[in-house]
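What follows is one structure encoded as structure tokens, with my remarks underneath.
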Amino acid sequence: MLSRVADNLYWMSRYLERAEHTARLVDVHLNLSLDQSRKMPAALRWQRLLETLHLPVPETGIRDDYHGTQIVAFDAKHPNSIVNAVTAARENARQVREKISSEMWLQLNTLYLDVRRTTFDSIWNQQPHEFFQAIKTGAHLFQGITDSTMAHDEGWYFIQFGRSLERALAIANMLDDQLRVLELSEREQTPETDDYFEWLGLLKFFTAFEAYCKVYTADLRPRRVAEFLLFNPTFPHSLRFCVEMMTSALQSISEATNMSRNSRVHRQAGRLRSALSFDSIDDVITRGTHPYLQDIQRQCMQIHDAAYENFITYPVESALP
Amino acid sequence: MTTNDPQPTVRTIEPFDKYILDDAYDEMFERSGRARPHYEALYQRILDMTGEELEQRQQAADLSFLHQGITFTVYGRTEGTERIFPYDLLPRIITNSEWSTIESGLAQRITALNLFLQDIYHDQRILKDKRVPPELIFTSHHFRREMRGVRVPRDLYVSVCGTDLIRLPSGEFVVLEDNLRVPSGVSYMLANRQVTKHVFPRLFGHHGVRPVENYGRALLSTLQHLAPPHSPDPTIVVLTPGVFNSAYFEHAFLARQMGIELVEGRDLLVHQNVVYMRTTAGLRRVDVIYRRLDDDFIDPLVFRPDSMLGVPGLFNAYRAGNVALVNAIGTGVADDKAFYYYVPQIIRYYLGEEPIINNVETYILTDEKQRKHVLANLDQLVVKAVGESGGYGMLIGPHSTLDQRDEFRRRIIANPRNYIAQPTLALSRAPCFVNGDVEARHVDLRPYILYGDSVQIIPGGLTRVALQRGSLVVNSSQGGGSKDTWVLYE
């Protein structure tokens, strides 16, 4: 497969995942703000949310929900707003139209046209929730269509690689932000009502509340919540799950390209995978949640760089047949 | 209409009540107003439908194009640069006997043009025999000195060709121009067919229409035929200028139809005169390039040095015989609009045959007598710049202003080699669905010709439509549209 095509598939997937993640976060955020305590001012919550999404916070701050939502959903200047992420995903897909199935293109192009057709005021005046729901459903539909209409070969694995890496980064980043405010203690406690809603929000950001309840019941304990989001082996929005997916996608890509397993990208992915398989929540607390999660984000970036060096931007001399 | 109705009153029946016959040949109706036999079934079908039904189908078709992203890019606009190519609902129908003439005429033409290109880049017999003025060749922007003496695979220069035909009031098809460099539009031929089958399944089924869907396979086998001898299992790619090119959709579409890689210049590199593409599994050798990039941009080391789209070193690899380029470099010398005038003579010279399809009468402006005549009659003629395409750089006399004519007069006198003139032709007209009515619009026809092992012409082509009432310009960049073209078995 052409290196450029791998690059486009990878970024198509990352941008769509980003759009979905952003839509989910804002949707949950708007919903929770109805219940959450007033301890933390709404403007500050918005500021934190924008920062975790790598969106610029205006110097004058966020005035209200309207203002915050507008930036996240429709800021034309910033690549991470929902509109721009969907556009970037679609633009990447457009460059490799002959590599994805017609059904995939149809879905992504339809999503793009729908998003481009709407104005922010029309969304706000109707039901913002429906707009975010449409983005999420659109992205899920695209993934489902991808799984059932595209050959599960190298290109598909680059899509998986992009999606899992983007998601791992987003989870690590979001957890890092939240755990700086809601500190974890050595011993397990039951949170106060105010804090309860914060932990509930954290789970909901990752659509993890129901999954968590099935394992631990609705009894929310901070250590369990963190452990669940970091180390649960079966939940698709846990960090460990994403890294497993990333590692196996990389392995399949290597098989397809006859690449030696000992390369740097595999060492790095394997190292991260084993850390997440064997670390416990106590290890995280001992090392400090912030350094631990920062380190995971750094490792993800290194995996990205190594994969690019291996498959996409390699020097010519090293690759002559 | 019923067959025992002799009056041309058909055109007062909804949705034909705005349909007017004039001097131009009408594809659907005879002069009497009666539908031609091969159009009868379509005509009846339209009469059976209400305007709303037609409108619904038109909308379904438009949506299908938009959602499939079958679009082209309009240059010179920043916003909304991606547009769907307007599709007209009503197919254009060509009988088998009309098609046979077209087919043999086009085969004759491409054979002669290839012989000419082989000659002009080697022995130049035709110049020595004074059948074509040498200055016409040597002043052509598309004549590539670099190609002198270069052997191209199978001595074939033009393997992919799209020739524009128009139909005169007499019903005769004539050639308007040859497109021997990178003809486009074949994807619309295929997409139009696909949509028409969705919109009019039964009508299509009853007609006995020859299929066009094998174009991709035919193109692939043409390209395989041209592979250099070193590669029994050649790697073939489509080279596109990239996603911002107006025909990008088509490049991607064709690569997919053939199951081969679509590459950009930046995907390729040349190492010791061998072309490679950069893949995730390392570099892979490339044997045949179906390039959708003009000569000028193909190799910045040999042609335009500012080109970011090409591949440095590609021309040397080509000259060394390590890679085939399709079409060959330098074919544009034979579709120069001034050279067009000489094509009938070329057919006689190389094949010893009379042209099966005629040219449009053309005035060469370097000839003083012809130039005088043209300058005196600018208001009645069409003047075209020889190097332009896409309907740019054109004066349509009867529709022009005095200022425009003065401007062209100055330009012709300054550089007569750069222009030709032709009579203003009444292109034939076909029924089109426009704003809720069926109206007559001018059309042309671009069939697609492949020349590998032998000449192969896909039965059909792109019928382009001048959607504005009275307009003669069918180019997509100038508000043209297209419709499906049915060539019948019978």
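Per-residue ellipticity at 222 nm computed for chain B from its helices equals -8500 deg cm²/dmol, with DSSP H segments shorter than 4 residues left out and the rest contributing -39,500 (n - 2.57). The residues packed around B:LEU268, meaning those with a beta-carbon under 14 Å from its beta-carbon, carry a net charge of +2 if Lys and Arg are +1 and Asp and Glu are -1.
Mean partner shielding of peptide B:260-269, defined as the number of other chain Cβ atoms within 10 Å of each residue Cβ, is 3. Counts of other chain beta carbons within 10 angstrom of each beta carbon in peptide B:272-281 average 6. Computed over protein heavy atoms with a 1.4 Å probe, the accessible surface of segment B:282-350 works out to 30 Å² per residue. A viscosity of 0.692 mPa s and a temperature of 37 °C, combined with the Kirkwood radius over C-alpha pairs in the Stokes-Einstein formula, give segment A:39-195 a diffusion coefficient of 183 µm²/s. Let me make sure I get this right: for segment B:361-423, a, b and c are the square roots of the gyration tensor eigenvalues over alpha carbons, sorted descending. Under 1.5 in a/c it's rounded, otherwise prolate if a/b > b/c, else oblate. Which is it? Because its axes are fairly even, with a/c under 1.5, segment B:361-423 counts as rounded. Any idea what angle helix B:186-199 forms with the longest principal axis of chain B, computed on alpha-carbon atoms, 0 to 90 degrees, nearest 10? Once rounded, the angle reads 30 degrees. Between B and A, buried accessible area from a 1.4 angstrom probe totals roughly 2700 Å², ignoring ligands, DNA and RNA.
In this simple spin-label model, placing a label point 7 Å from the Cα along the Cα-to-Cβ direction at both A:SER318 and A:ASP64 gives a separation of 5.6 nm. Provide the FRET efficiency to the nearest 0.05 for the A:LEU34-B:ARG469 pair, computing r from the beta carbons and using R0 = 56 Å. Efficiency at R0 = 56 Å is approximately 0.40. Listed by chain and number, the lysines placed with their C-alpha closer than 29 angstrom to that of A:LYS39 are A:LYS204; residues fewer than eight positions away on the same chain are left out. Shape summary of segment A:134-221, radius of gyration then Dmax from alpha carbon positions: 17.1, 50 Å. For segment A:34-65, applying the loop criterion from DSSP together with a ceiling of 11 other beta carbons within 10 Å to the trypsin sites (Lys or Arg not before Pro) yields A:ARG38, A:LYS39.
Inter-chain neighbour count for B:231-244: the average number of beta-carbon atoms from partner chains within 10 Å of each residue's beta-carbon is 1. Distance between the 7 Å Cα→Cβ label points at B:ILE413 and B:SER104: 4.9 nm.
Solvent-accessible area assigned to carbon and sulfur over the protein assembly as shown amounts to 49 percent, based on a 1.4 Å probe.
A run of chain A free of exposed loop cleavage sites, with GluC sites (Glu not before Pro) counted only in DSSP states other than H, G, I, E and B and at most 12 other beta carbons within 10 Å, reaches its longest extent at A:193-321. Dimensions of segment A:48-127 along the principal axes, based on C-alpha atoms and rounded to the nearest Å, stand at 46, 27, 16, largest first. Where does helix B:402-414 land angle-wise versus the long Cα axis of chain B, in degrees 0 to 90, nearest 10? Roughly 30 degrees, rounded to the nearest 10.
Remark: spin-label model distance B:ARG154-A:THR257 equals 3.5 nm, labels positioned 7 Å along the Cα→Cβ axis. Relative to the globular-protein estimate of 2.2 N^0.38 Å, the Cα radius of gyration of chain A stands at 1.02. With 31 Å as the limit, the listed pairs B:LYS128/B:LYS384; B:LYS130/B:LYS372; A:LYS136/A:LYS214; A:LYS99/B:LYS384 have A:LYS99/B:LYS384 beyond it between alpha carbons. Between segment A:130-209 and segment B:86-164, how far is it from one alpha carbon centroid to the other, in angstrom? Using only Cα atoms to place each centre, the spacing works out to 60 Å.
Average 1/r across all pairs of distinct alpha carbons in the protein assembly as shown, invert it, and you get the Kirkwood radius: 30.3 Å. Seen from every direction in turn and averaged, the convex hull around the alpha carbons of chain B projects onto 24.4 nm².
The values are calculated or read from the model by the stated rules, or taken from the named source; none is laboratory data. Just so it is clear, the model here is predicted, and its values are computed rather than measured. Quick reminder, even Gly has a Cβ in these numbers, built from the backbone with ideal geometry, and neighbours come from all protein chains shown. SASA here: full protein model, heavy atoms, side chains in, ligands and nucleic acids out. Shrake-Rupley method; radii C 1.70, N 1.55, O 1.52, S 1.80 Å.
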